[in-house]
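Below is one structure, written out as structure tokens, with a few remarks after it.
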């Protein structure tokens, strides 16, 4: 099964999780680039208000059997760049993961509202890559 991990990461936490999942699944990686510089509370405000943004990616998700989408949690939901990615790409088969300091909030519910129901979800808290949780998540996908 050809797998793509598409992720947005401002601080690097979601990127580390994406790399760990990609290694476990032998998947391709594609970073979602937000063309707007994000910092501080403004990113959370834009996420909460569902403000659109312009993004860039390198890989075509239609070329993959499954696309696993990762996001940091901002203001209880996904980052604006991930919302744009899900809106722009009608994914047939997907799974979601998020990284957060407080809680997942309604991130997965919001992601599902924009895309199809995922086959699996994974939340990773406090910059800790819980390898056992990642392994269980990947086992559901394969």
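Please arrange 131, 10, 83 by counting, for each residue, the other beta carbons lying within 10 Å of its beta carbon, fewest first.
The fewest-first ordering by Cβ neighbours comes to 131, 10, 83.
When a footprinting reagent is the concern and you count Cβ atoms within 10 Å, what order do 138, 98 take, fewest first? It would help to have the intermediate numbers written out before the result.
Values: 138 21, 98 28.
In order of increasing Cβ crowding within 10 Å: 138, 98.
Run lengths n ≥ 4 of DSSP H only: what is the helix-derived mean residue ellipticity at 222 nm for the chain, with -39500 (n - 2.57) per run over all residues, to the nearest 500?
-10500 deg cm²/dmol
For the chain, modelled as a GNM with alpha-carbon contacts under 10 angstrom, which of 13, 92, 35 fluctuates the most?
For the chain, modelled as a Gaussian network with Cα springs under 10 Å, the answer is 35.
By how many nm would the segment from residue 35 to residue 113 lengthen if fully extended, with 0.36 nm per residue of separation less the alpha-carbon distance?
25.7 nm
Between 70, 102, 43, where does the largest GNM mean-square fluctuation fall for the chain, given springs only between Cα atoms within less than 10 Å?
102
Please identify, among 128, 67, 114, the residue showing maximal mean-square fluctuation in a Gaussian network model of the chain using a 10 angstrom Cα cutoff.
Its mean-square fluctuation being the largest, the pick is 128.
Nearest 5 percent is fine: what portion of the DSSP beta bridges confined to the range 3-141 is antiparallel?
Values: 4 of 24 bridges.
So the antiparallel bridges in the range 3-141 amount to around 15 percent.
Give me 97, 108, 48 ranked fewest to most by other Cβ atoms within 10 Å of their Cβ, as a rough exposure proxy.
Placing the least packed residue first, the sequence is 48, 108, 97.
Is the range 97-142 rounded, prolate or oblate when judged by the Cα gyration tensor, a ≥ b ≥ c being the square roots of its eigenvalues, rounded requiring a/c under 1.5 and prolate requiring a/b larger than b/c?
Since a/c reaches 1.5 but b/c is at least a/b, the shape of the range 97-142 is classed as oblate.
Read-outs throughout are calculated quantities, based only on the coordinates presented, and are distinct from any laboratory measurement. This structure is a prediction, so every number in the text was calculated from the model and none was measured. Cβ coordinates were reconstructed from backbone atoms using ideal geometry, including for glycine residues, and neighbour counts include every protein chain displayed.
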